Amino acid sequence: MSPFLPTPCGSGRRTAAFLVAAALLLGGCKAGGDTAGAATPDAQKGADAVLVEVAKASRRGIAASYAGTASLEARAESQVVAKTSGVALEVLVEEGQQVRAGQPLARLDPDRARLSVAQSEAQMHKLENSYRRAEKLVQQQLVSAADVDQLRYDLENARALHRMAVLELSYTTVLAPIAGVVASRDIKPGNFVQINSPIIRIVDGSRLEATLNVPEREIAKLKPGQAVSLQVDALPGKTFAGTVDRVAPVVDTGSGTFRVVAGFAGDQELQAGMFSRLSINYDQRADALVVPRNALLEDGGKPAVYVVREGRAVRTELVLGYDDSGWVEVREGLGEGDEVVVAGKAALREGSAVQVIGKASETDAAVAPSAPAAAR
């Protein structure tokens, strides 16, 4: 059939209906495509928001403290030396042994000292007899008073020499000058010991001390009697309590520091020589407004945090107070309950949209390290 020939009436209506349906179908597909491609303002904001974790500014007790490091030392320690020379016949103690003050530690050969005692004693008795005879003769005017005086002086000198010989004999038994534990023993039986040579070291571990060299700016804050907490690397997770015993009243001109000595009760765990970390609490606030330390921005400017307000990050400068155990006191800039960003800070700018994905607990906020740069 020729395309120019007229078509039947029914066939024309069917063709028109087909064209209308096709047009409607194409229009619907185009409209659907435009709807899928466009985003609502809320959806766009959600796509651009930075995921953050927050913590609330809250009230709690906080302490001001000075922290430092020092090695523990025994308050009483004695390096025992030989007060006379001789061969060591006996060594009566071993390392680690507990000793009391006055207890014998070693015995040296006493023979030479005994002979000296006997010699001085004989000379002393001789002069005593001569002096007694001279006293009788001076009454009969057979001996001059000057001769009697000379005999008396000689007798006193002999008595002093005898006491010295007895003292030298006592030095052959080496005694403990203090109570404590034998830390080292440097002689063995049969060794020849020279006078004044160190032979045994005793440490009294019942009281330990740590000495801090503190900058002079802290001199008005630290006083005797203040509480001190101590931790040692050898005993992780344990904290020991002590007090400030002494504070030097002067500042060393060379170093610009003054000495602070803290005392601790010795026990089976703390030992002299341990490396320790100390914290001296010199003030405390019972109801301070605080935020976690890791909420502070590290941009080199004034202390500040990002506060979440109406879904956006607002950079807020702070006036800070004390810093203690992962918390910082806020004097000005925040109110109780304000939410500060603790994770996700690195991706934020003033006014950035944020989406809170979690709230840090008090413990996590205080002790958790800052998030990696990719996640902050």
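The values are calculated or read from the model by the stated rules, or taken from the named source; none is laboratory data. Not measured: the values here are computed from a predicted model. As a convention, Cβ positions derive from the backbone with ideal geometry for all residues, glycine included, and neighbour counts pool all protein chains shown.
Can you find a residue in the stretch 58-73 that is part of a strand (DSSP E or B), in contact with a helix residue (DSSP H, G or I) (Cβ under 7 Å, 6 or more places away or on another chain) and closer than 30 Å to Pro215 by Cβ?
For the stretch 58-73, residues part of a strand (DSSP E or B), in contact with a helix residue (DSSP H, G or I) (Cβ under 7 Å, 6 or more places away or on another chain) and closer than 30 Å to Pro215 by Cβ: present.
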* Checking Val247 against (1) surrounded by 14 or more Cβ atoms within 10 Å (Cβ to Cβ); (2) within 30 Å of Ala113 (Cβ to Cβ), which single condition isn't satisfied? -> (2)
* **Condition check for Leu235: part of a loop (DSSP other than H, G, I, E, B), under 26 Å from Gln284 (Cα atoms) and out of contact with any Lys or Arg (no Cβ under 8 Å at 6 or more places or on another chain)** => no
* Asked: When only residues in the stretch 89-133 that are part of a helix (DSSP H, G or I) and among the aliphatic types (A, V, I, L, M) count, which is nearest to Val143 (Cα to Cα)?
  -> Leu127
* Asked: Give me the pairs: first residue in the stretch 70-85 and touching a residue at least 12 places away in the same chain (Cβ under 8 Å) and buried (at least 18 other Cβ atoms within 10 Å of the Cβ), second residue among the polar types (S, T, N, Q) and in a strand (DSSP E or B), beta-carbon distance under 7 Å, and six or more apart or on different chains, which are they?
  -> Ala70/Thr211; Ala70/Ser276; Leu72/Ser276
* **Restricting the stretch 181-225 to residues that are among the acidic types (Asp, Glu) and either under 17 Å from Ala272 (Cβ atoms) or outside the structural domain of Ala101 (by TED's automatic domain parsing) (or both), the residue that is surrounded by the most Cβ atoms within 10 Å (Cβ to Cβ)** => Glu209
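Okay, residues lined up against (1) over 60 Å from the mean Cα position of the chain (by Cα); (2) loosely packed, with under 15 Cβ neighbours inside 10 Å; (3) modelled with pLDDT of 90 or more; (4) within 16 Å of Leu167 (Cα to Cα):
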position: Leu108; (1), (2), (3), (4): no, no, yes, yes
position: Asp111; (1), (2), (3), (4): no, yes, yes, yes
position: Val117; (1), (2), (3), (4): no, no, yes, yes
position: Ser120; (1), (2), (3), (4): no, no, yes, yes
position: Gln123; (1), (2), (3), (4): yes, no, yes, no
position: Lys126; (1), (2), (3), (4): yes, yes, yes, no
position: Tyr131; (1), (2), (3), (4): yes, no, no, no
* Asked: Filter the stretch 313-333 for residues that are touching a Ser or Thr at 6+ places or on another chain (Cβ under 8 Å) and crowded, with 21+ Cβ neighbours inside 10 Å; which is nearest to Val52 (Cα to Cα)?
  -> Ala313
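Rundown of residues vs (1) assigned to a loop (DSSP other than H, G, I, E, B); (2) touching a helix residue (DSSP H, G or I) at 6+ places or on another chain (Cβ under 7 Å), yes/no style:
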residue: Glu298; (1), (2): yes, no
residue: Gly301; (1), (2): yes, no
residue: Tyr306; (1), (2): no, yes
residue: Val314; (1), (2): no, no
residue: Leu320; (1), (2): no, no
residue: Val328; (1), (2): no, yes
residue: Arg331; (1), (2): no, no
residue: Gly335; (1), (2): yes, no
* Structure fact -> Taking the stretch 275-296 and keeping only residues that are modelled with pLDDT under 85 and of a type in the set (D, E, K, R), one is left with Asp283, Arg285, Asp287
* Subset of the stretch 270-305 that is polar (S, T, N, Q) and within 23 Å of Arg60 (Cβ to Cβ) - its residue that is surrounded by the most Cβ atoms within 10 Å (Cβ to Cβ) -> Asn294
* **For Gly263: the one exception among (1) surrounded by 15 or more Cβ atoms within 10 Å (Cβ to Cβ); (2) closer than 13 Å to Ala210 by Cβ; (3) free of Cβ contacts under 8 Å to residues at least 60 places away in the same chain** => (3)
* Could you tell me whether the stretch 221-234 includes any residue that is among the charged types (D, E, K, R), free of Cβ contacts under 8 Å to residues at least 40 places away in the same chain and over 30 Å from Pro177 (Cβ atoms)? => no
* To do: Would you check if Ile178 is surrounded by 13 or more Cβ atoms within 10 Å (Cβ to Cβ) and within 44 Å of the chain's Cα centre (by Cα)?
  => yes
* To do: Scan the stretch 149-200 for residues that are among the basic types (Lys, Arg) and either at pLDDT 95 or above or not in a strand (DSSP E or B) (or both) and jot them down.
  => Arg152, Arg159, Arg163, Lys188
* Structure fact -> Residue hits (the stretch 335-355; modelled with pLDDT of 85 or more and either touching a Pro at 6+ places or on another chain (Cβ under 7 Å) or of a type in the set (A, V, I, L, M, F, W, C) (or both)) are Val340, Val341, Val342, Ala343, Ala353
